[in-house]
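Input: a single structure, listed below in structure tokens.
None of the figures in this text is laboratory data; all of them are computed from the coordinates on show. Worth saying up front: this structure is predicted, and the values here are computed from it rather than measured. When we count neighbours, we look across all protein chains shown, and the Cβ atoms used for this are built from the backbone with ideal geometry, even at glycine.
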Amino acid sequence: MLELLVFLLCGSILASGILAIRLSNLMAAMVSAGLSSLFAAVSYVLLAAPDVAMAEASIGSGLSTLIFLYAIRKTSDAKE
């Protein structure tokens, strides 16, 4: 059962990564990239690595996503 859940999470990581590449809207692509990082954090918890999961969740899906979204918003405001 655990293996199936890990495989589903890995498939979700791949799907959201591909979606992040294929989307033309930068905000939606960055949210999708953050979602793939969140899926990775959940898979680390299931694989019994809670310290890695906390680092991935806080830095990967939290901080870097917020920084990129802020940068995208600031640069799109400068264009207009």
message: Looking at Ser61 and the list (1) of a type in the set (Ser, Thr, Tyr); (2) crowded, with 19+ Cβ neighbours inside 10 Å; (3) more than 8 Å from the chain's Cα centre (by Cα), which single condition is not satisfied?
response: (3)
- request: Return the residue satisfying two criteria in turn: it lies in segment 1-33 and is of a type in the set (Gly, Ala, Ser) and within 18 Å of Ser76 (Cβ to Cβ), and of such residues it is surrounded by the most Cβ atoms within 10 Å (Cβ to Cβ).
  value: Ala33
task: For segment 21-56, enumerate the residues that are more than 16 Å from Val6 (Cα to Cα), among the small types (Gly, Ala, Ser) and under 9 Å from the mean Cα position of the chain (by Cα).
output: Ser32, Ala33, Gly34
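Here is a yes/no grid of residues against (1) in contact with a Phe, Trp or Tyr (Cβ under 9 Å, 6 or more places away or on another chain); (2) under 13 Å from Leu26 (Cβ atoms); (3) part of a helix (DSSP H, G or I); (4) in contact (Cβ under 8 Å) with a residue 60 or more places away in the chain:
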{"residue": "Phe39", "(1), (2), (3), (4)": "no, no, yes, no"}
{"residue": "Val42", "(1), (2), (3), (4)": "no, no, yes, no"}
{"residue": "Val45", "(1), (2), (3), (4)": "no, no, yes, no"}
{"residue": "Ala48", "(1), (2), (3), (4)": "no, no, no, no"}
{"residue": "Ser58", "(1), (2), (3), (4)": "no, no, yes, no"}
{"residue": "Gly62", "(1), (2), (3), (4)": "no, no, yes, no"}
{"residue": "Phe68", "(1), (2), (3), (4)": "no, yes, yes, no"}
{"residue": "Ile72", "(1), (2), (3), (4)": "no, yes, yes, no"}
{"residue": "Thr75", "(1), (2), (3), (4)": "no, yes, yes, no"}
